[in-house]
Amino acid sequence: MKVAPDARVIAAGDLNDTHVGERFSYENAEGVAFHARIAFVEVRHDIVNVTLDGVVHEGNSVVLGLRPEEKLHFTP
C-alpha cells in the first residue's frame, strides 16, 4: 500500500474522537487497501468498528471491523 512518507501510524484501539473526520489508509490481511475518511468510531475491548464517511453499499454504511492492534495510516 502506498501512503505518504510522513503518515502517522495509529493502532485501531487508540482511536478516539479526535480522529473522526480524518482521512486514513488501511490494508487488510488479503492486501486490499482502503483509503477513506472516518465518520464514527466504536472502540470495544476486542474489536474497533470504524464507519466510513460517505461510503454506502446496498443502502448500508460501510463499517470496518478491526482488531485493536491493527494499524491505520493518517496522512497530514
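The values are calculated or read from the model by the stated rules, or taken from the named source; none is laboratory data. On a predicted model such as this, the values are computed, not experimentally measured, just so you know. Cβ placement follows ideal geometry from the backbone for every residue including glycine, while neighbour counts extend to all protein chains displayed. Side chains are part of the model used for accessible areas, which takes the heavy atoms of the whole protein and leaves out ligands, DNA and RNA. Shrake-Rupley method; radii C 1.70, N 1.55, O 1.52, S 1.80 Å.
Confirm whether Thr18 is open to solvent by 70 Å² or more (accessible area, probe 1.4 Å) and hydroxyl-bearing (Ser, Thr, Tyr). Walk me through it before giving the result.
Working: open to solvent by 70 Å² or more (accessible area, probe 1.4 Å): yes; hydroxyl-bearing (Ser, Thr, Tyr): yes.
Yes; evaluated as a whole, the condition is true for this residue.
The strands (runs of 3 or more DSSP E) found wholly in the chain and carrying at least 2 residues that are β-branched (Val, Ile, Thr) occupy 8-11, 33-43, 48-57, 60-66. For the stretch 47-72, the set of residues classified as under 18 Å from Gly31 (Cα atoms), open to solvent by 40 Å² or more (accessible area, probe 1.4 Å) and not charged (D, E, K, R) consists of Val63, Gly65, listed by residue number. A search for C-beta distances below 8 Å between a residue of the stretch 53-68 that is closer than 13 Å to Leu15 by Cβ and any residue that is of a type in the set (Phe, Trp, Tyr) and assigned to a strand (DSSP E or B), counting only pairs 6+ apart in sequence or on different chains, returns Leu64/Tyr26; Leu64/Phe34; Leu66/Tyr26. Considering only residues in the stretch 21-41 that are among the β-branched types (Val, Ile, Thr) and within 10 Å of the chain's Cα centre (by Cα), the one that is farthest from Gly65 (Cα to Cα) turns out to be Ile38.
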